[in-house]
Amino acid sequence: MKRLLALLALAALLGGCATYALTGTGPVAGPDKSYSVALPRNWVRLTSMSDRVVVTRDGFALQRIMITRVAAKDAFPKLKKPADDKLLASELAELQIAELKAAGAPNLTVLENVPARIGGAIGFRLRIRFLNNDGLAFEQVWCGVLDKGYYYLISFHAPELYYFDKYLPDFDRTLASFRLG
Amino acid sequence: MRRLALCVVLLAPLAAAAQTYTYLDQSLRHGGAVHTALLVTPDVAVSEISAGGVVEKIPQWSKRATHNVSNALLRVGLGPKLHFTELPALSDREQHALEQHVALFSVVASQVHSNSLAGGELWAKRLKSGLTDYTVGPGLAFLADKTGADTALLMVARDAESSGGRKAVMVLGALFGVGVPGGNAFAVAGLVDLRSGRLLWQSFDSSISSDLREPADTNKLVEGLFKSYPGAGAK
Amino acid sequence: MRRLAAALFLAATAAWPGSAPAQALAPLKGGAATAPASEEERRVWAQADELAATLAKSGRVLDDPALTAYVQRVADRLFPEFKGHIHVHILKAQGLNAFALPNGDIYLNEGILARFRNESQLAALLGHEGIHFVDRHSYQSLENAKSTAALGTVLAVVGTPVVGLAANLLAMSSITGYSRELESEADNLGYKRLVAAGYDPREAPKLFKLLMTEVAASGEKEPFFFATHPALKDRYDNYLRLSKNATAPKDPAPDRYLATFAGLRLASLKAEVSMARYRQVIALLKEPERHGDYPPYVDYYLGEAYRQRGEKGDAELAKAAYLEAIAAAPEFALAHRALGMQLLKAGDYGGAARELERYLALAGHAADHAYARMYLEEARKRRDERGKGK
């Protein structure tokens, strides 16, 4: 129950500053029109974070699709390493795994790590699993790609029990719609 | 970090009042059937906050408070609408399955909580729309088979008693593991359908001055929780 | 948040080491008398029990009955009267750390277990930690722990925030250590236990010497077993002094430590590479004695550390390490894959294709063949283009 308690208070604390909007039908453009993506319909988007696209259907801890774009030099802040365009996709994936471990999931398990075409460029697709303090398993998919000096990440997060399998198709459709430039 | 600090300042004045909300699934909105609820052992903790701000759970106080909450649940006059039944002995595997689903309930409940309290108009409308998917999944159906109950009642209650005059209000939950927006004690209860896992009802109440070690205070807090249960008070 | 919390915690507790001596409390008696002496102490043990349960539930504790039984047996040999009260666990965490909770649960990181070379070194550490429990050191420092945790969050060594009094005590013991007096007490009494249990006391200073060397070489800055260089040097000097006239134990049993922990050693190395602990891996494998504790293909991991570190000259060092691994263990598939990818990046497409083909032939149903096949295709294509003079 500890996670509930931490989230209860955090929610009360932060909620007053968050703004939301329903997702519509058309594609959504990223900052500087650097990408476009079609989001699942009638989900809720957190509009108070302008540097990223974050959507959920029932709550960000139950299912969350997120798209971020950062300058390659700032790609791995915990590692204090940039994403170099000479890196192979497999090396980019390695750095992303190390970054996730450093960010609070040192015991995560990598379930899948394969090359993937993201927005037309070659990147990686990772699927990881970790437990929270109550022993509940969460799974995440992280798809990353480097393009013209920027590092793009499209991710999905959900509890393994019930939610992950149910809403993964929504993520995969979103991913398939992602276009660079 | 700055953004967080700003939000704390804005929210602080609002936090003083007690807060409540209720979530009700469509199936319960229009009367709904009689439910038999398995009483999962309530998760109750009473802690003391030292002068240095360290939160220390006190086992004896927590035991007393758990006893008070269990008694308060039995007193709640839900009459024909909701019967409680005790959890039977479970095998290790069954116990593990229950714990996993209770852990998922924590997450589900926290989302209902944050969306209810701080989700604004959009979430308020969405929570009433019947379109949400709040569930622990079908993994607890074995308990329905085993007991004949159709639902399970899950409860969490926390009380933070300060020593040395330190204010317990707004002890930041994310840091201390005690979520107390608006008071020093709160309780959250949720009813889930054992076969589908669907969340049928969730209620939250916080109070500035409850002491869960005292039966009278506990009864009041728990009664407050169940006021919103459909048909509550009907005998 | 972690850095901020740790920094604040450290700032708040900066006065501790060498500060006012703690009140003396009678040590725990052992056997059935091993119990908290007051209501306050009972609360602390209860908190520690909860923390232990959280560590177990959240998958941070290694589930390996054989290895756990091994470390438990050493603890029971050192503290026979506390058998059933001291429980040793292995934490799935890298880094040179170990800690004891007030309730008798002792945790050893995989990272530090991977550094020991024999059972006597493990016993030296467990002897020290066990005294912290038996002599109730964390409870003696309780008032400090309660009053200095202004923000309460302690990330410490377990990887995610754990809160509450027991967590503060845990952080205190593992980040800053106890007062100098209590640490010396743990050294001295732990040493006595080491000798009484028939271990080789000359190993105790060797362990600290190895730790000092590795810390210096890797520039390790994170919180670990002994927070500062002087403290580590103090431990080394103290054990050196204690063991000055020590002799080898009579009829020592054959030491199975290195063999028993071979799997853990390798797993820890892999984990360290995957967590970007490149300096630590390089420092470890550059020591000939340590290098010999690993399988013949271990230079593959050295290569990985260099490659991922990616500093000037590291690409060449990585390539050299992969070649060493292949020379020592030609059938070790991953070294061919790694070399193939280095050659691809360096423009040696023929070489890359050759190594990647070798990898796929050796690895068979390897889970990561998707990358290898993709890079092989690229290498072949570029090799062929080059061959046609494109």
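Just so it is clear, none of the values below were taken in a lab; they were calculated from the coordinates. Note that the structure is predicted; figures quoted are calculated from it, not measured. Here the Cβ positions follow ideal geometry from the backbone for every residue, glycine too, while neighbour counts run over all protein chains shown.
Ordering A:133-140, B:117-124 by mean Cβ neighbour count within 10 Å, with the highest value first, yields A:133-140, B:117-124. Separation of the stretch A:24-77 from the stretch C:295-363 is 38 Å, based on Cα centroids.
Inter-chain neighbour count for A:157-165: the average number of beta-carbon atoms from partner chains within 10 Å of each residue's beta-carbon is 4. Checking the Cα-Cα distances for A:Lys73/C:Lys312; A:Lys33/C:Lys381; C:Lys209/C:Lys312; A:Lys81/C:Lys57; A:Lys86/C:Lys286; C:Lys209/C:Lys270 against a 26 Å cut-off, the pairs over it are A:Lys33/C:Lys381; C:Lys209/C:Lys312; A:Lys81/C:Lys57; A:Lys86/C:Lys286. Residue by residue along B:114-121, Cβ atoms of other protein chains within 10 Å of the local Cβ number 6 on average.
Please give me the summed charge of the neighbours of C:Trp45: other residues whose Cβ is under 14 Å from its Cβ, Lys and Arg +1, Asp and Glu -1. It works out to a net charge of -3. Taking the average, over residues, of other Cβ atoms within 10 Å as the packing measure, peptides C:201-214, C:233-246 rank C:201-214, C:233-246 from highest down.
Remark: mean inter-chain Cβ contacts per residue of A:104-115 equal 5, using a 10 Å Cβ-Cβ cutoff to other protein chain atoms.
Using a cutoff of 8 angstrom between alpha carbon atoms and counting only pairs six or more residues apart, the relative contact order for chain A works out to 21 percent. Excluding same-chain neighbours fewer than eight residues apart, the aspartates and glutamates reachable from B:Lys128 by a Cα-Cα span under 14 Å are A:Asp58, B:Asp25.
Averaged over residues, the count of other Cβ atoms within 10 Å places the peptides A:151-158, B:215-222 in the sequence A:151-158, B:215-222, highest first.
Grab the other residues whose beta carbon is less than 12 angstrom from that of A:Gly119, score K and R as +1, D and E as -1, and report the net.
Working: positive: A:Arg69, A:Arg117, A:Lys148, A:Arg179; negative: A:Asp147.
Residues near A:Gly119 contribute +3 overall.
One quarter of the surface of the convex hull around the alpha-carbon atoms of chain A equals 10.2 nm², the direction-averaged projected area.
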